[in-house]
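For reference, the structure discussed in these notes is given below.
Computed from the coordinates by the stated procedures, all read-outs in this text should not be read as laboratory data. This one's a predicted model, so the numbers in the text were calculated from it and none came from an experiment. Don't worry about glycine lacking a Cβ; one is built from the backbone with ideal geometry, like all the others, and counts go over all protein chains shown.
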């Protein structure tokens with residue numbers, strides 16, 4: 001992936017990236033959830049997919065996803081675990097605010113969907129805020145074929161999320 005003369009690479013995340021991943025997560029915490037080093041380390045060990053986009057040597061985006069059966073006490077992940085036998089759950093995707101609108105989220109989702117197909121998975125699950133609304137995320141996910149399968153309130157009743165699934169037809 002090249003972007004106007006700058007080299008962007010999607011690669012697996014590693015521990016050297018954690019400080020930057022935490023900073024990116026904090027920048028977008030109003031759409032994600034708080035994460036400290038202990039939580040990130042745990043999520044990394046449980047993840048099936050944890051990749052970053054590095055642009056000119058700097059991590060500018062990341063995506064972390066888990067399979068069914070992970071040790072992850074999270075209400076959204078738990079909702080899917082109770083209802084789906086096999087899935088890949090997008091816990092969070094974050095793009096640096098300075099890199100928004102440059103199709104980095106699309107690059108990560110294209111890579112994620114390719115990974116899921118390679119693993120023989122039939123669906124990808126995620127959620128996004130609908131109260132307060134996140135229309136950018138809603139539009140983005142609709143392009144990938146995600147559809148609502150439920151909603152629930154989280155964060156002590158301060159946020160309502162739309163629980164979404166995108167089927168992965170066999171190619």
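Quick notes
- Measuring spread by the Cα atoms of the range 1-101 yields a radius of gyration and Dmax of 14.1, 46 Å.
- Cα extents for the chain along the principal axes, largest to smallest and rounded to whole angstrom: 44, 40, 31.
- Over the residues of the chain, the helix contribution to mean residue ellipticity at 222 nm works out to -9500 deg cm²/dmol, using -39500 (n - 2.57) for each DSSP H run of at least 4.
- Ratio of the Cα radius of gyration of the range 32-79 to 2.2 N^0.38 Å, where N counts its residues: 1.26
- In degrees, nearest ten, helix 104-118 long axis to first principal axis of the chain (Cα): 60 degrees
- Cα centroid separation, the range 36-52 to the range 58-119 (Å): 11 Å
- Take each peptide in 25-31, 46-52, count the other Cβ atoms within 10 Å of every residue, and average; sorted highest first, the result is 46-52, 25-31.
- Cα-based helix-to-principal-axis angle, 37-46 vs the chain, degrees rounded to 10: 70 degrees
- For the chain, the relative contact order works out to 17 percent when only alpha carbon pairs closer than 8 Å and six or more residues apart are counted.
- Cα-Cα P(r), the range 116-171, percent of pairs per 5 Å interval: 5, 20, 26, 20, 14, 9, 5, 2, 0
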